[in-house]
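The values are calculated or read from the model by the stated rules, or taken from the named source; none is laboratory data. This is a predicted model, so every value here is computed, not measured. Please note: Cβ atoms are built from the backbone with ideal geometry, for glycine as well, and neighbour counts cover all protein chains shown. When the accessible area is computed, the model is the full protein with side chains, heavy atoms only, and any ligands, DNA or RNA have been set aside. Shrake-Rupley method; radii C 1.70, N 1.55, O 1.52, S 1.80 Å.
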Amino acid sequence: MIKIENLHKSFGELHVLKGIDFQAQKGEVVAIIGPSGMGKSTFLRCVNFIERPEKGIVEIDNVRVDVQKCTEKEIKKLRMKTSMVFQNYNVFKNKTVLENVMLPMTSVQKMKKEEARQKALEYLKQVELLDKIDEYPSRLSGGQQQRVGIARAMAVNPKVILLDEPTSSLDPELVTGILDIIKKLAREHERTMLIVTHEMRFAREVADRILFMDDGVIIEEGKPEQIFANPQNDRTRKFLELLQ
Ligand code: ADP
Ligand code: MG
């Protein structure tokens, strides 16, 4: 479903991604953990082409692109296969809840308005926001704004959903609700999900596989029970110990 080969990204002199290799199957939920500043967000942003990687292969759902040689058209095609849930929600402040969820469907996917509306309502129901569809984001809590972000990402029916620390901007009492929604959606829809998170209990419960990322590479990966109970790499062990 998704395959990344030898992905590299630098910002000026700073070499952030130093050759990421990664694969996931359809419906697989993969949690990415690791220290701050080590390239987790950059990795998701490169998969979504918000950032342009310098080198490597990105393949999603049989569209395979060598980032050094590809055309803008190929990148656009690839971008349509992913959607992203951001740490700071990234909702459009001047659009209502319903418009926020409809917008990528009508503008990017060129879907008819009525069809987009129906789809948006379907997903807003799943994130329990049907009573807020005409509100503007400024009148919503952080948790509600993030639920808009999740509905918006799901509604475009992407092959892969990328979630970048979806609960780290939320007040503690709102975290569980959002994690429960993500867990429910992951189970019901069998979507491939890549989730960067610091919530280790959530990672353990929701993920089929855990990746530990440090210094621009994936150092260790495995099933949650293996990574948490018996990490093989010293750096993984130290990171997990610090969280206890
Ligand atoms: P993580 O998500 O693991 O905390 P990031 O991917 O956000 O790490 O950042 C990795 C490194 O890349 C950091 O040193 C960060 O400062 C740097 N970085 C990220 N985005 C940019 C950018 N747009 N311009 C310059 N440096 C960046
Ligand atoms: Mg980050």
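Residues in the stretch 87-110 that are within 16 Å of ligand 2 (Cβ to nearest atom) and either in contact with a Lys or Arg (Cβ under 6 Å, 6 or more places away or on another chain) or open to solvent by 60 Å² or more (accessible area, probe 1.4 Å) (or both): GLN87, ASN88, ASN90.
Right, GLY142: touching a residue at least 40 places away in the same chain (Cβ under 8 Å), touching a helix residue (DSSP H, G or I) at 6+ places or on another chain (Cβ under 8 Å) and among the small types (Gly, Ala, Ser) or not? Here the answer is yes, as GLY142 does meet what is asked.
Each residue in the stretch 1-22 was checked for being more than 12 Å from ligand 1 (Cβ to nearest atom) and open to solvent by 30 Å² or more (accessible area, probe 1.4 Å), and 6 pass. Scanning the stretch 4-46 for residues being assigned to a strand (DSSP E or B) and more than 18 Å from ALA207 (Cα to Cα) gives a total of 16. Among the residues here, PRO53 qualifies as part of a loop (DSSP other than H, G, I, E, B), touching a residue at least 24 places away in the same chain (Cβ under 8 Å) and either open to solvent by 10 Å² or more (accessible area, probe 1.4 Å) or within 16 Å of ligand 1 (Cβ to nearest atom) (or both). Is it true that ASP164 is in contact (Cβ under 8 Å) with a residue 12 or more places away in the chain and within 24 Å of LEU78 (Cα to Cα)? When the stated conditions are applied, ASP164 passes them. A search for C-beta distances below 7 Å between a residue of the stretch 14-37 that is more than 27 Å from LYS184 (Cα to Cα) and any residue that is part of a loop (DSSP other than H, G, I, E, B) and open to solvent by less than 70 Å² (accessible area, probe 1.4 Å), counting only pairs 6+ apart in sequence or on different chains, returns HIS15/GLY216; VAL16/GLY39; VAL16/GLY216; LEU17/GLY39; LEU17/PRO53; LEU17/GLY216; LYS18/GLY216.
Matching residues to (1) in a helix (DSSP H, G or I); (2) open to solvent by 70 Å² or more (accessible area, probe 1.4 Å); (3) modelled with pLDDT under 95:
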{"residue": "LEU174", "(1), (2), (3)": "yes, no, yes"}
{"residue": "ILE182", "(1), (2), (3)": "yes, no, yes"}
{"residue": "ALA186", "(1), (2), (3)": "yes, no, yes"}
{"residue": "LEU194", "(1), (2), (3)": "no, no, no"}
{"residue": "ILE210", "(1), (2), (3)": "no, no, no"}
{"residue": "GLU221", "(1), (2), (3)": "no, yes, no"}
{"residue": "ARG235", "(1), (2), (3)": "yes, yes, no"}
{"residue": "LEU242", "(1), (2), (3)": "yes, yes, yes"}
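Of the helices (runs of 4 or more DSSP H) that lie entirely inside the stretch 67-169, those containing 3 or more residues that are more than 18 Å from the chain's Cα centre (by Cα) span 72-79, 97-103, 113-126.
Look through the stretch 66-80, keep the residues that are open to solvent by 40 Å² or more (accessible area, probe 1.4 Å) and touching a strand residue (DSSP E or B) at 6+ places or on another chain (Cβ under 7 Å), and return whichever of them is nearest to LYS26 (Cα to Cα).
Step one: filter the stretch 66-80 for residues open to solvent by 40 Å² or more (accessible area, probe 1.4 Å), giving 66, 68-69, 71-74, 76-77, 79-80.
Restricting the remaining residues to those that are touching a strand residue (DSSP E or B) at 6+ places or on another chain (Cβ under 7 Å) gives 66, 68, 74, 77.
Working: ASP66: 22, GLN68: 26, GLU74: 21, LYS77: 18 Å.
Restricting to residues being open to solvent by 40 Å² or more (accessible area, probe 1.4 Å) and touching a strand residue (DSSP E or B) at 6+ places or on another chain (Cβ under 7 Å), the top hit is LYS77.
Of the residues in the stretch 113-134, at least one is more than 25 Å from ASP180 (Cβ to Cβ) and open to solvent by less than 50 Å² (accessible area, probe 1.4 Å). In this structure, GLN145 does satisfy being among the polar types (S, T, N, Q), on the phi < 0 side of the Ramachandran plot and crowded, with 19+ Cβ neighbours inside 10 Å.
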